Amino acid sequence: MEKLAILDCGGQYTKVIDRKVRELGVYSDIFPMGVSADKLQGYNAIILSGGPASVWASGAPAYDDRIFDLGIPMLGICYGMQLINEHFGGEVLPSVKTEYGPVDVDIIAPCPLTDGMDKRQTVLMSHGDAVKKQADGFVTFAVTGDIAAGIYNAEKRIIGVQFHPEVDLSEHGTEMIENFLRKVCALKETYALEDRIETSIRMIREKVGDKKVIVLVSGGVDSAVTAALLVKALPPENVYAIHIDHGMMRKNESDIICRNLKKLGLVHMKRVNAANEFFNGTVDDGNGRIIGPLSRTTDPEKKRQIIGSMFIKVTAKAAEELGIDFDNTYLAQGTLRPDLIESGNPDVSGYANKIKTHHNDVDIVRRARERGMIVETNWDWHKDEVRQVARMLGLGEEIASRQPFPGPGLAVRLLCNDSVVAVTTAQREQLTDLINTLGGGNFTGRVAPIRSVGVQGDNRSYKNLVLLCGKGMDTDFGEAFAFAKEIPNRLSYINRVALRLDSDAPSDTLHDSPMHVCYETAELLREADAIVTKELMNPKIAQCFAVLIPLTQDMDKRYSIVIRAVVTGDYMTARAAVPGEHFSIDALKNAVTKIKAALGDQIDMVLYDITGKPPATIEWE
Ligand code: XMP
């Protein structure tokens, strides 16, 4: 069978490449970047993935340079393109202008990759380095301004692209990969995707046998699919479903979840109310260190570690109450491939940077996984694949198309703060200069002294927010989106931009105050979130929620609300939903009015997050 090798340089989207290639009917294997060239004999094509390193830096992943002498056609993506260029004698350096997000590239010379396509294409970029001098023997066939976006050596059949054709945000990305497979490598459709359900059921039976398994059901499609697969694969009386309400669920969520779960054919189903334990308890992180309580923690990664570890502690206690020997019982989770990629799990990629620790991949879970006690029915899938499986299993649309809710719940939407971030005068002035140059006279803005998590060039970022003020609800959203895209590209300390909706008053003074996860902040956010979801959620949007931030203009108040709504299929990249396109302006107006009416005594500003992923992430922490 014809086959393609993917060399993983630690990119966030390596697995997406694998999936795209397989969907196009070509079998693929993923190897670590350092794989010996001998192992690649017999492959018909090679793709080098993106990655967080810099080819010029000492810590760049080592590689066997004989891979370039194999005569196998090659496509290098992002880091992969930079490596190709450097290897063949070109130069790669930090770029004067970074690019994080969708951009338009211009096709300026023929290349089979873009054969038959428009001369201008929207693609996803996420890079800080760029090709400074192109290697001899290569032509630059695509550019963004004066940055090389694509290089091609026809004789060697080697192509490099700075952008990511593998993700949904690249308009014709799949066609480009197909062009590479068919026109450059002459590969035919010789591979059919395995039946996902059959494969999963076989794996569950092989692993669990006649033992008991506990499945943690959060209510989302991922864990519902896991529970349904377990019930199908095993005697239902051996499957124990536990739903933990950690006090950071959405309004009425736990009731809805327990109602939905009854439809799955579960024999044992237990609901645990553990808010006090999650807010105020401490826990062993799996390495003998006691961490917590959450109510006094501000660091996003520490919060995630506490919550993930607490899930295990609370589950162990619930198991005891059910009379189950927890240490000898399998624990099933609805972990998806992106959860492990973003968590920087070394079993998935040796070179990937940790973006954020998902609750199902904290250290204590990793230890249990090493002991072979974790069952992950969905570990090889992305979100859209889980949804397909949910539909095939007959779980119903309420579960199959339910918007994702992260395991740590509202905790990652409560932007905790201990007022340590100072904004410098230089930063303030740089933003003002940028607004004066590119803002078209329609915006004012401030660098806010609060930070959130982002993903830039396959690296985690934890940077300041820019608060942009236009004409409130009458702002030209198209203009605001276009301008906002430029801000993180030009100011290295910014990864997110939010637009003020409830007022057109310039944000002269901004105050931040301490904030933690506690009953009060969770309750406030729950109320705002319920309004936002009710007003805005619709099938055009993948995820929609509210975030509580400790930032105000009015000194008498402590909090503001940010509305976040995104459009995505793979959740590895996303666009901020556009008011007027993905939901009506009236719906947005209603959300703002209702938040102010219901919570105006505590909430000062209402903002809209206009940042994509990259440079931000969907959640704020
Ligand atoms: P980010 O914020 O990384 O999120 O762009 C991508 C998707 O993952 C969800 N998410 C999580 N889901 N446990 C989960 O089950 C987690 O710890 C977690 N963190 C983020 C997020 O809601 C989005 O759908």
Exercise. Near Lys15, which aspartates and glutamates are there with a Cα under 15 Å away, not counting those fewer than 8 places off in the same chain?
Worked result: Glu23, Asp29, Glu166, Asp168, Asp339, Glu342, Asp347, Asp380, Asp384, Glu385, Asp458, Asp570
Problem set entry | Cα gyration tensor category, rounded, prolate or oblate, for the stretch 425-609 with a/c compared to 1.5 | rounded
Exercise. In the stretch 193-409, what percentage of the DSSP-assigned beta bridges are antiparallel, given to the nearest 5?
Worked result: 10
For this session: Pop out the ³J(HN,Hα) list for the stretch 600-606 in order, Karplus 6.51 cos²θ - 1.76 cosθ + 1.60 with θ = phi - 60°, rounded to Hz; leave Gly and Pro as x.
Result: x, 6, 10, 9, 8, 9, 10
For this session: Once you have the Cα-Cα distance between Asp508 and Lys263, take 0.36 nm times their residue separation minus that, and quote the gain in nm to one decimal.
Result: 82.9 nm
Exercise. Listed highest first by mean packing, meaning other Cβ atoms within 10 Å per residue, what order do 79-92, 9-22 come in?
Worked result: 9-22, 79-92
Exercise. For the chain, what class follows from the C-alpha gyration tensor (a ≥ b ≥ c being the square roots of its eigenvalues): rounded when a/c is under 1.5, otherwise prolate if a/b is larger than b/c, else oblate?
Worked result: oblate
For this session: Please list, in chain and number order, the residues 5+ apart from Gly569 or on another chain whose amide H is under 5 Å from its amide H, with Hs placed from the backbone.
Result: none
Problem set entry | Under the Karplus curve 6.51 cos²θ - 1.76 cosθ + 1.60, θ = phi - 60°, whole-Hz ³J(HN,Hα) for the stretch 53-58, x wherever Gly or Pro sits | 7, 10, 4, 8, 8, 5
Problem set entry | Restricting the stretch 383-448 to trypsin sites (Lys or Arg not before Pro) in coil, as DSSP defines it, with at most 12 other Cβ within 10 Å | none
Exercise. Can you pick out the pairs among Lys270/Lys534; Lys354/Lys596; Lys354/Lys471 whose Cα atoms lie more than 30 Å from each other?
Worked result: Lys354/Lys596; Lys354/Lys471
Problem set entry | Whole-Å distance, taken between Cα centres, linking the stretch 13-43 and the stretch 435-449 | 45
For this session: Read phi for every residue in the stretch 3-18 and hand back ³J(HN,Hα) as whole Hz from Karplus 6.51 cos²θ - 1.76 cosθ + 1.60, θ = phi - 60°, with x for Gly and Pro.
Result: 8, 10, 9, 9, 9, 8, 9, x, x, 5, 10, 4, 5, 5, 4, 4
For this session: May I ask you to list the aspartates and glutamates whose Cα is less than 13 Å away from that of Lys485, ignoring any residue fewer than eight positions away on the same chain?
Result: Glu99, Asp104, Asp609
For this session: Skip the ligands, DNA and RNA, and give the accessible area per residue of the chain with a 1.4 Å probe, whole Å².
Result: 37
Exercise. Can you pick out the pairs among Lys303/Lys383; Lys212/Lys313; Lys302/Lys463; Lys3/Lys183 whose Cα atoms lie more than 21 Å from each other?
Worked result: Lys303/Lys383
Problem set entry | For a label point 7 Å along the Cα-to-beta-carbon line of Val420, residues of the stretch 470-514 with backbone N under 16 Å | 513-514
Problem set entry | Projected label distance in nm at Thr432 and Val272, using a 7 Å step from Cα toward the beta-carbon | 5.4
Exercise. Can you list the residues, at least 5 places off or on another chain, whose amide H is less than 5 Å from the amide H of Gly51, using H built in the peptide plane?
Worked result: Tyr79, Gly80
Exercise. Using helices alone, what [θ] at 222 nm do you get for the chain, with -39,500 (n - 2.57) per DSSP H run of 4 or more residues, divided over all residues and rounded to the nearest 500?
Worked result: -8500 deg cm²/dmol
Problem set entry | Rounded, prolate or oblate (a/c below 1.5 giving rounded, otherwise prolate when a/b exceeds b/c) for the stretch 47-197 by Cα gyration tensor | rounded
Exercise. Based on the Cβ-Cβ distance of Lys97 and Ala597, what FRET efficiency does E = 1/(1 + (r/R0)^6) give at R0 = 35 Å, to the nearest 0.05?
Worked result: 0.20
Seminar exercise, completed: For Val215, other-chain or 5+-apart residues with amide H closer than 5 Å (H placed, Pro excluded) are Tyr240, Ala241, Ile242, Ala332
For this session: Please compute the net charge surrounding Glu398, taking Lys and Arg as +1 and Asp and Glu as -1 over other residues with Cβ under 14 Å from its Cβ.
Result: +3
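The values are calculated or read from the model by the stated rules, or taken from the named source; none is laboratory data. Being a predicted model, the structure only gives us computed values, none of them experimental. Here the Cβ is made from the backbone with ideal geometry for all residues, glycine too, and neighbour counts use every protein chain on show. Surface accessibility is based on the protein's heavy atoms, side chains included, excluding ligands, DNA and RNA. Shrake-Rupley method; radii C 1.70, N 1.55, O 1.52, S 1.80 Å.
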